[in-house]
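Some notes on the structure that comes next.
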Amino acid sequence: MLASDYLGRTVRDADGQELGRVADLIAQVGEDGTPRMVAVLVTPRWRGRLLGYERPGVQGPWVFDKLAGWLHRGTREIPWDEVRWE
Amino acid sequence: MKRVFAITLGILTAIGGFVDIGDLVANAVTGARFGMRLAWVVVVGVIGICVYAEMCGRVAAVSGRPVFDLVRERLGPRIGLTNLIGSYLATLFTLSAEIGGVAIAVELATSVHYLLWVPIAAFVVWVVIWRVKFEMMERIFGLAGLSLVVFVVALIQLAPPWGQLAGQAVTPVVPAGEDWATYGFFAVALFAAALTPYEVFFFSSGGVEERWTRKDLVVSRLNVFIGFPLGGLLSLGVMGTAATLFLPLGVRVESLDQVALPVAVALGKLGLAVVILGFFAATFGAALETGLSAGYTIAQYFGWQWGKLVRPREAARFHTVVLVSILIGVAMLLTTTDPIMITEYSLVFSAVALPLTYLPILIVANDRDYLGDQVNSRTANALGVTYLVIILVVAVAAVPLMIISGMGG
Amino acid sequence: MKIPDPLRVDFHLLDRQVVDPDGYLIGKVDDVEVSVGEDGVPVVTAIHIGQHALGNRIGGVIGRWLAATARRLHETGDPRPLRVPFELVHKVDSAVVLSVRHELMDPSALEIWLRDNVIGRIPGARDAG
């Protein structure tokens, strides 16, 4: 599989409820240096790249931070094993 | 002492390198039609290029990443590709206009028709890109471009009614006989001439080529904050001479020799010789910058090896793009399209392509993963956001204004 | 910390510049390979570099054209993008830095073709600028 096969797909939870589109794949880097998938970042509307404002921590300009927060509202991380990729 | 010398040389280069065919044409044409009533746009434009050139210089020095690398990294491959097509076309039109400018400068000196000089000028531009070291290339044409100071000297020599020029500058209204659309169109052209996208491509890639590090931030800032405004002053000199000589007579500027005429009137043959040298250096230097920038944009989008630090055969794709771009630029001129016309189209194209280039610069200049403690200050962000809004307005207005005013009529 | 943790595949990897230890520009991360391990958890196993991968991601007419030209240029071997195992990724910051030199990897077919047929034939192609 390629990352591009996952990104942009609409995913559902175990009950078949729609979660949104996949915006990013989040991996934890293990002791051996291999990144293992732990979560999926889903977003209700946006299709493209999230410009980096989805990461925790402060990033300016203030207007952009607020604008990105509003445009991407509802964006959340879902643990990998709770996501159904039909 | 050596360091002071290097910094001074850098600033002088920035002054001389600031003005290109777009600035010459846009400033002279508007000076002749509107006097100094659009001078404020040059000031706004120069502050804008300072804000963004400083940002991309800082990003290049700290993270080593040039502008078009960031464009794709932040905007993704699709929007990045749209941006690539727009920016490449704007740069290509500018390249063609600059080569035309070089050929016309030689025509002014030799009286041999410029179309005969176009292939020769283009060949020499390519040879310089192929053979001459980056820093040497920058210095020679930047310093020679300083001879455009002759416009400021000529303006003083013409003893213009200073009060009247100043009066026009502080009352930026549409004069009788002109309409809003034409005024707006020339405002867009002047703004785009000051902020052409290739300037940031070239400035940031040049920083990477010269292996800037954090230590070079001071040099980068001095070049930007002293060099660019003084370069803008040369632009205003061009506008002022045209306003003094042509506006009262109601003469319109339609060719490059008319741009030079006020200098010849004020300073005679010697002045004319200096101004022709200045035209040649300014357009030739800008042809080198746009030729390289055409290669930079495409190579950086795809992640290819680029630049003049490596042997050409190790950056074959980059050098092919540069070569092909120069050939297309020549082909456009050989259709006998007026270089002034190509220049005006290049400015409109630039205005449209600007926002998508400047947005990622502003975002990355705030990213601590890239810049650590060198992220934008509040002032830089306030200015950056303000200018992004202005750029957006200009980009949206450019094409409608061009159509309504019929390219300024 | 040489690789950000957590690693965001789209944000940290995709479309970043890939360089070798000397800063030689190898390409962009055009796609990322994900394989499901023995325990059923997917892991990042490699990065893909090449216009085929980029073209497939862009899609549409232009994307297909990019991928097709990349495939056509391959004279030898199989027309696939360059695959760099993730173990060779040394660092991820403003670029993806590999721990091996570029000479040890397959160069781009387009680069070779242009070098051999166009740029390499012009006098002075071997002199540094």
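What follows is calculated from the coordinates using simple rules that are stated; it is not laboratory data. This is a predicted model, so every value here is computed, not measured. FYI the Cβ positions are ideal-geometry reconstructions off the backbone, even for glycines, and counts take in every protein chain you see.
Pop the C-beta distance of C:Val41 and C:Ile62 into the FRET formula with R0 = 35 Å and round what comes out to the nearest 0.05.
Calculated value: 0.50.
Points 7 angstrom from Cα along the Cβ direction at C:Arg101 and B:Leu222: gap in nanometres?
3.8
Given R₀ = 22 Å, FRET efficiency for B:Leu392-B:Arg368 by Cβ-Cβ distance, to 0.05? Before the final figure, lay out the partial values.
On the way: r = 26 Å, r/R0 = 1.18.
The computed FRET efficiency comes out at 0.25.
Relative to the Cα centre, what is the charge dipole magnitude of segment A:3-82, using +1 at the beta carbon of each Lys and Arg, -1 at the beta carbon of each Asp and Glu, and rounding to the nearest 20 debye?
520
A:Arg84 versus A:Asp5, label points 7 Å from Cα toward the beta carbon: distance in nm?
According to this spin-label approximation, the distance is 2.1 nm.
What's the average, rounded to a whole number, of partner chain beta-carbon atoms within 10 Å of each residue's beta-carbon in A:1-11?
Counting other chains' Cβ atoms within 10 Å and averaging over A:1-11 gives 6.
Which residues in segment C:79-104 have a backbone N closer than 12 Å to a point placed 7 Å from the Cα of A:Thr34 along the Cα-to-Cβ line?
C:86-87
Output the peptides C:33-44, B:304-315 sorted from most to least packed, where packing is the average of other Cβ atoms within 10 Å over each peptide's residues.
For the peptides C:33-44, B:304-315, the packing ranking is B:304-315, C:33-44.
Rounded to the nearest 500, what is the 222 nm mean residue ellipticity of chain C from helices alone, with -39500 (n - 2.57) per DSSP H run of 4+ residues and division by all residues? Intermediate values should be presented prior to the final figure.
Numbers: 3 runs with 31 residues, N = 129.
-7000 deg cm²/dmol, from helical runs alone.
Compute the angle between helix C:60-73 and the longest alpha-carbon principal axis of chain C, please, reported from 0 to 90 degrees and rounded to the nearest 10.
Rounded to the nearest ten degrees, it is 60.
Report the label-to-label distance for B:Ile328 and B:Thr110 in nanometres (one decimal), using points 7 Å from each Cα along the Cα→Cβ vector.
Each label point lies 7 Å from its Cα, and together they span 2.8 nm.
What is chain C's relative contact order, in percent, from Cα pairs under 8 angstrom and six or more apart in sequence? Can you show the working numbers first?
On the way: 194 pairs, mean separation 31.9, N = 129.
Value for chain C: 25 percent.
For chain A, find the longest principal axis of its Cα atoms and tell me its angle to the long axis of helix A:62-71, 0 to 90°, nearest 10.
40
So what is the 222 nm mean residue ellipticity for chain A from helices alone, if each DSSP H run of at least 4 adds -39500 (n - 2.57) and you divide by all residues, rounding to the nearest 500 deg cm²/dmol?
Working: 2 runs with 14 residues, N = 86.
-4000 deg cm²/dmol, from helical runs alone.
Working out 0.36 nm times the residue gap between B:Thr336 and B:Leu249, then minus their Cα-Cα distance, what length gain in nm do you get to one decimal?
Between B:Thr336 and B:Leu249, full extension yields 28.4 nm more.
Could you list, in their original order, any pairs among B:Lys215/C:Lys91; B:Lys133/B:Lys308; B:Lys215/C:Lys2 whose Cα atoms are separated by more than 18 Å?
B:Lys215/C:Lys91; B:Lys215/C:Lys2
As a test of the formula, what do you get for chain B when each DSSP H run with n ≥ 4 contributes -39,500 (n - 2.57) and the sum is divided by the residue count, at 222 nm and rounded to the nearest 500 deg cm²/dmol?
Calculated at 222 nm, the ellipticity per residue is -27000 deg cm²/dmol.
How high is the FRET efficiency between B:Ala382 and A:Asp15 when r is their beta carbon distance and R₀ equals 56 Å, given to the nearest 0.05?
That gives a FRET efficiency of 0.75.
Take peptides B:207-213, B:49-55 and line them up by average Cβ neighbours within 10 Å, highest first, as a rough protection proxy.
Details: B:207-213: 18.1, B:49-55: 24.7.
Peptide ranking by packing, descending: B:49-55, B:207-213.
Roughly what angle does helix B:197-209 make with the longest principal axis of chain B, taking Cα atoms, 0 to 90 degrees, to the nearest 10?
For helix B:197-209, the angle is close to 40 degrees.
Note down the relative contact order for chain B as a percent, whole number, built from C-alpha pairs under 8 angstrom at least six residues apart.
The normalised contact order for chain B reaches 38 percent.
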